[in-house]
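Participant: Here's a structure for you.
A short reminder: the numbers here are calculations on the coordinates, not readings from a lab. The structure presented is a predicted model; accordingly, all values stated were derived computationally and were not measured. In this analysis, Cβ positions are derived from the backbone assuming ideal geometry, glycine residues included, and neighbour counts consider all displayed protein chains.
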Amino acid sequence: MNQWDQFLSPYKQAVDELKIKLKGMRAQFVGEHIHSPIEFVTGRVKPVASILVKANLKNIPLEKIETEMQDIAGLRIMCQFVDDIKTVVHLLRQRNDFRIVEERNYISNKKPSGYRSYHVVIEYPVETINGEKKILAEIQIRTLAMNFWATIEHSLNYKYQGEIPEDIKIRLQKAAEAAFRLDEQMSQIKEEVQEAQVYFTKNKEVFERT
Ligand code: 0O2
């Protein structure tokens, strides 16, 4: 195992464990036929190349990335409705298998790019053969519309290496406003959608049993 693999090993374990735990939360809602505030969960360990680029960009010396780079382990929780984000944050605050160290609300304070998301930074204890190791992980909570926008913007940022041309930036800001309005519209028909979904999952179970 090289030094990077060794360094990243507890982060990988944390992402794997947290993915199971967060997906487990969704499974419980689904099992009880209650609207799940969690639509789906993804997770990744930041690739070494991205760690190096970010460390360079933010002037973080390599010996400090453990304490200063909070998203080496990253989880993403996608929700159907903006209100679900609050529910998820509340559920995370109640857990005792990790400690929340910071919360960043980019929904009420959207970034100049148009980015919206709720970030929760946690300190997560990983059990290793050498004892417990506490690592930082970032959980990003966003709606499907916020995620759609962020995914597209991220690809463009990658394509233009952070220097997105001004006209595309303006279009992206307009698209962010459209995503915001979509979230608002969906919130207004939330009850209707939820009733239909609960009806659908209940009937699906009956159908699968027969
Ligand atoms: P990747 O490729 O997503 O892993 P900063 O990096 O300065 O914005 P900081 O302090 O590192 O901020 O943490 P913060 O604000 O919680 O944001 C880090 C992560 O949030 C980013 O990770 C993105 O995932 C997401 N993010 C923040 N701002 C934007 C944005 O304007 N557009 C998109 N698409 N995503 C954003 P990385 O490091 O960019 O990498």
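Participant: Just to be sure I understand, how many residues within the range 1-46 are among the aromatic types (Phe, Trp, Tyr), touching a strand residue (DSSP E or B) at 6+ places or on another chain (Cβ under 7 Å) and surrounded by fewer than 19 Cβ atoms within 10 Å (Cβ to Cβ)?
Facilitator: Counting residues in the range 1-46 that are among the aromatic types (Phe, Trp, Tyr), touching a strand residue (DSSP E or B) at 6+ places or on another chain (Cβ under 7 Å) and surrounded by fewer than 19 Cβ atoms within 10 Å (Cβ to Cβ) gives 1.
Participant: Quick one: which residue in ALA137, ALA176, ALA196 is assigned to a helix (DSSP H, G or I) and touching a residue at least 40 places away in the same chain (Cβ under 8 Å)?
Facilitator: The unique qualifying residue is ALA176.
Table: residues versus (1) small (Gly, Ala, Ser); (2) closer than 30 Å to GLN197 by Cβ.
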{"residue": "ILE20", "(1), (2)": "no, yes"}
{"residue": "GLY24", "(1), (2)": "yes, yes"}
{"residue": "PHE29", "(1), (2)": "no, yes"}
{"residue": "SER36", "(1), (2)": "yes, yes"}
{"residue": "LYS54", "(1), (2)": "no, no"}
{"residue": "GLU68", "(1), (2)": "no, no"}
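Participant: Determine which single condition ALA49 fails, assuming it passes every other condition in (1) buried (at least 19 other Cβ atoms within 10 Å of the Cβ); (2) out of contact with any Ser or Thr (no Cβ under 7 Å at 6 or more places or on another chain).
Facilitator: So ALA49 meets the others, but not (1).
Participant: Do any residues in the range 12-29 that are within 17 Å of ILE122 (Cα to Cα) and touching a residue at least 60 places away in the same chain (Cβ under 8 Å) have Cβ atoms under 7 Å from those of residues that are surrounded by fewer than 17 Cβ atoms within 10 Å (Cβ to Cβ) and of a type in the set (Lys, Arg), where the two are at least six apart or on different chains, and which pairs are they?
Facilitator: What qualifies is VAL15/ARG44.
Participant: I need a count of the residues in the range 129-144 that are more than 10 Å from the ligand (Cβ to nearest atom), surrounded by fewer than 23 Cβ atoms within 10 Å (Cβ to Cβ) and not basic (Lys, Arg).
Facilitator: Looking only at that region, the number is 7.
Participant: Using beta carbons and a limit of 6 Å, which pairs, at least six apart or on different chains, have the first residue in the range 67-82 and among the hydrophobic types (A, V, I, L, M, F, W, C) and the second one away from the ligand (no atom under 13 Å from the Cβ) and part of a loop (DSSP other than H, G, I, E, B)?
Facilitator: ILE77/ILE38; MET78/GLU39; CYS79/PRO37; CYS79/GLU39
Participant: Mind listing whichever residues of the range 100-128 are small (Gly, Ala, Ser) and surrounded by 14 or more Cβ atoms within 10 Å (Cβ to Cβ)?
Facilitator: Hits for the range 100-128 are SER113, GLY114, SER117.
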